[in-house]
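Chemist: The following block contains the structure, expressed as structure tokens.
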Amino acid sequence: MPVQVSEEVLLPVPVLRAWEYLGDTARMVQLDPLLESYEPATGELSPGTTNQVVSRFGPLRLRLVTRTTVLDPPHRVVFENVRPQWPLRVRTEDVLTPHPGGTVYRVTSTVRGVGPIGSLLARPVARQMLRTRRRLMERVRQELAETG
């Protein structure tokens, strides 16, 4: 059974500014506790593009390939893992929504275990993803509050 986790934060900037900021992959690699490197195959995000990702997950360093399945600037982007396909499948959706105080930034990840090992790993991995996502979102909110 898939495990879904979601987190949101109010960013003190308009949607276009938030989109521009979050789309700066070099900056996101510096801020995101899960990322060590992130390289779209085409050099930039586009629908269908695969992305070479090196992720830090606790003491583990994982090499992943994701695909950008939806790109709807400046409101929504969806990524799904392509490799590895076992023991977990992950779909992550980032949504930016206008708000009187700026922009609501919401990230929802769905983690689905593949096989018995994946079924055991799905819930703890989803919880860890949520904890690191919270740290990233707070860093983004703070930096945007300071720089506008």
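Bear in mind these aren't lab numbers, they're just calculated from the coordinates by the rules spelled out. Fair warning: this is a prediction, and the values are worked out from it, not measured in the lab. In this analysis, Cβ positions are derived from the backbone assuming ideal geometry, glycine residues included, and neighbour counts consider all displayed protein chains.
Chemist: Which translational diffusion coefficient, to the nearest whole µm²/s, is obtained for the chain from the Stokes-Einstein equation, given a Kirkwood hydrodynamic radius over C-alpha pairs, 10 °C and 1.306 mPa s?
Modeler: This corresponds to a translational diffusion coefficient of 101 µm²/s.
Chemist: Something else about it: Given a 10 angstrom Cα cut-off, can you work out which residue in Pro47, Pro73, Pro100 is the most mobile in a GNM of the chain?
Modeler: Pro100
Chemist: Hey, another quick one. Could you work out the local net charge near Leu71, counting Lys and Arg as +1, Asp and Glu as -1, over the other residues with Cβ closer than 12 Å to its Cβ?
Modeler: Surrounding charge for Leu71 is -2.
Chemist: In degrees between 0 and 90, to the nearest 10, how far off the longest principal axis of the chain does helix 115-147 point, with axes built from Cα atoms?
Modeler: For 115-147 against the chain, the angle is about 20 degrees.
Chemist: Here's something else I'd like to know. Quick one: Karplus J couplings for the stretch 65-70, per residue in order, coefficients 6.51, -1.76, 1.60, θ = phi - 60°, nearest Hz, x for Gly and Pro?
Modeler: 10, 10, 10, 7, 8, 9
Chemist: Along the Cα-to-C-beta direction of Leu10, a point sits 7 Å from the Cα; which residues of the stretch 77-111 have their amide N less than 12 Å from that point?
Modeler: 99-105
Chemist: Next question. Under a 5 Å amide H to amide H cut-off, with H placed in plane at 1.01 Å, what residues pair with Gly102 once short-range neighbours are removed?
Modeler: It is none; the list stays empty.
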